[in-house]
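Reviewing the structure listed below.
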Amino acid sequence: MKLPKFKGSKRLRRLLTPRPQYPIAIPLSNYPPELIERVAAFLPRKDLCNLRLVNRKVNCATVHLFVRENFRQFDIDFTQEGLQKLVDISQHYDLSGEVNFGAWIQVVRLRQAVWSDREERAWTNALTVKGYPKQRRVLKKGARTAALLWQSHLEMDAGGHYRQTLITALQGMKRLQCISVLDHLDKTDLNEQTVYVPTILESAERFAYTLETIFAAMTLSSAQLIIKHIRLEYQKIKDRGSLITLSQLAGIMDRHEALYGGPSHAWKFLESCSWLDMSFYREERNFPSLETQASLGRFMTPMASSLTKLSLRGHKARYDEALLPIVYQLAQAVHLPKLQSLYFQQASIHSTDLETFVLRHASTLESILLLEVRLDSGGCSRFLTNLSDCATPNLAKFVIHAVFESDISRQEDGSYQIGETLDISWPELKQDNADDWIISTWYSVIEPYSSKKLAS
């Protein structure tokens, strides 16, 4: 009897080859949710969405990761449709009913909407100019949109729906830390053409209205908000930005405190604010009164114990006078024990006020940036010299860029007289300390700052 030859047989080779011993598979339900989230963070969006179909535990971890990464910041139009969208998101839950999407929103950026009927007229007038059919279709669509937004604004304003809708949205956003206000740009699809450009005063009035509505909603909201960042974002597009005047800020504060129980209760939501970023505009007619000039100091009083970053800007590059009375009041009556970063841009500042305010916070300041500022005659040299003689143990960044001087004098009524631009007299620095300064003249390059203190 002949035995079959198995030499070279694939079947025999497969039977004789020892199989690898794999460890017993652990089901995904046994892994901690934190580990599942860390692994899922490396997956693309499509695979991440498919991962939620594995089981209930993996679904919850996946939804938590998705919401935390994609719902942290929202840009919303300050319109009826935009605010209603914010309400829907803040009250939305996933299919399991365990994850609230609004609870993970930390930053809300409100974009301004149409403020007057002049925008519709601007679009309509543009139609009188001969153009291509595509251009005319875009202009007609813009005119209709502007008309609808303007009518919606009138209805929302008359019924107080702005405030009520914001209150409803804020109640669902438990982790909200920053509210930011942006300018509205009505750009078309045709080469980014801007059809309507409001005046500076009109933009300031629009932002004052939005800011007052936000403050009222925060005060009336039953949620315990911890607002850490109030920001009026600046956009340098045709001199447009989130601007406000001191007179408007003072009016907002007076009305708000009168309606909501005085300063102690009206500004309670600002007690944990750590970053204030605002841009100011001064009307050309006159300087604000002494009482009005103190409005920013009053506004900063509730957040004085928690504020770590202060950013203030003017409107016109290197010439704006809006910060002159503001920095004066900061030097006279404001103390921020935790201030770490100071940022002034596009403004005129008296060196005495700047020096007083900076030296008062020299022990805590870590960063000082003065960009496109105008100081008084000889003020730059005095400020730098006195700052070098002061102890600044934590200062890690100090930048002066595009600075120049003029004759600046304060009058008894709180106004200022400003003369012509003068040449700057720079202080003489020792060679061993010269590298510790970042002093940039008009178009020079700013060099990195060393970690050492300014001067020994």
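The values are calculated or read from the model by the stated rules, or taken from the named source; none is laboratory data. In this text the structure is predicted, and so the values were computed from the model without any measurement. Because the Cβ atoms are built from the backbone with ideal geometry, glycine has one as well, and the counts that use them run over all protein chains shown.
Quick look at the values:
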| read-out | value |
| --- | --- |
| Wholly enclosed helices (runs of 4 or more DSSP H) of the stretch 106-184 bearing at least 3 residues modelled with pLDDT of 85 or more and not aliphatic (A, V, I, L, M) | 133-159, 161-171 |
| In the stretch 59-90, residue surrounded by the most Cβ atoms within 10 Å (Cβ to Cβ) [restricted to those that are touching a Lys or Arg at 6+ places or on another chain (Cβ under 7 Å) and part of a helix (DSSP H, G or I)] | THR62 |
| Meets criteria (without any contact (Cβ under 8 Å) to a residue 60 or more places away in the chain and touching a strand residue (DSSP E or B) at 6+ places or on another chain (Cβ under 8 Å)) for MET253 | no |
| Residue check for ARG136: of a type in the set (Lys, Arg) and under 30 Å from the mean Cα position of the chain (by Cα) | no |
| Residues located in the stretch 57-72, provided they are within 23 Å of the chain's Cα centre (by Cα) and either charged (D, E, K, R) or within 18 Å of MET218 (Cα to Cα) (or both) | ARG68, GLU69, ARG72 |
| Lone qualifier among GLY160, GLY131 - being within 26 Å of GLU202 (Cβ to Cβ), out of contact with any strand residue (DSSP E or B) (no Cβ under 6 Å at 6 or more places or on another chain) and not acidic (Asp, Glu) | GLY160 |
| Subset tally (residues that are among the acidic types (Asp, Glu) and at pLDDT 85 or above) for the stretch 278-292 | 1 |
| Subset of the stretch 340-353 [closer than 23 Å to THR421 by Cα and surrounded by fewer than 18 Cβ atoms within 10 Å (Cβ to Cβ)] | TYR343 |
| Residues that are outside any strand (DSSP E or B), out of contact with any helix residue (DSSP H, G or I) (no Cβ under 6 Å at 6 or more places or on another chain) and either more than 26 Å from GLU291 (Cα to Cα) or in contact (Cβ under 8 Å) with a residue 40 or more places away in the chain (or both), drawn from the stretch 404-425 | ASP413, SER415, ASP423 |
| Of all residues in the stretch 308-339 being of a type in the set (D, E, K, R) and within 24 Å of LYS397 (Cα to Cα), the one that is modelled with the highest pLDDT | LYS338 |
| Number of the exception - TYR93 against (1) touching a strand residue (DSSP E or B) at 6+ places or on another chain (Cβ under 7 Å); (2) surrounded by fewer than 16 Cβ atoms within 10 Å (Cβ to Cβ); (3) closer than 20 Å to GLN177 by Cα; (4) not hydrophobic (A, V, I, L, M, F, W, C) | (3) |
| Residue under evaluation LEU342, criteria (1) part of a helix (DSSP H, G or I); (2) modelled with pLDDT of 90 or more, criterion not met | (1) |
| Members of the stretch 82-106 found to be within 16 Å of LEU149 (Cα to Cα) and touching a Leu at 6+ places or on another chain (Cβ under 9 Å), listed by number | GLY82, LEU83 |
| Filter pass, ALA103 being farther than 30 Å from VAL63 by Cα and among the hydrophobic types (A, V, I, L, M, F, W, C) | no |
| Residue that is out of contact with any Phe, Trp or Tyr (no Cβ under 8 Å at 6 or more places or on another chain), over 30 Å from ASN59 (Cα atoms) and either surrounded by fewer than 20 Cβ atoms within 10 Å (Cβ to Cβ) or in contact (Cβ under 8 Å) with a residue 60 or more places away in the chain (or both), where the choices are ARG144, ARG118, ARG111 | ARG144 |
| Entirely in the stretch 238-311, the helices (runs of 4 or more DSSP H) that have 1 or more residues that are under 21 Å from the mean Cα position of the chain (by Cα) | 246-259, 295-300 |
| Selection within the stretch 354-403 - surrounded by 19 or more Cβ atoms within 10 Å (Cβ to Cβ), in contact (Cβ under 8 Å) with a residue 40 or more places away in the chain, among the β-branched types (Val, Ile, Thr) and not in a loop (DSSP other than H, G, I, E, B) | VAL373, ILE400 |
| Selected residue [among the aliphatic types (A, V, I, L, M) and under 24 Å from PRO33 (Cα atoms)] from VAL87, VAL99, VAL108 | VAL99 |
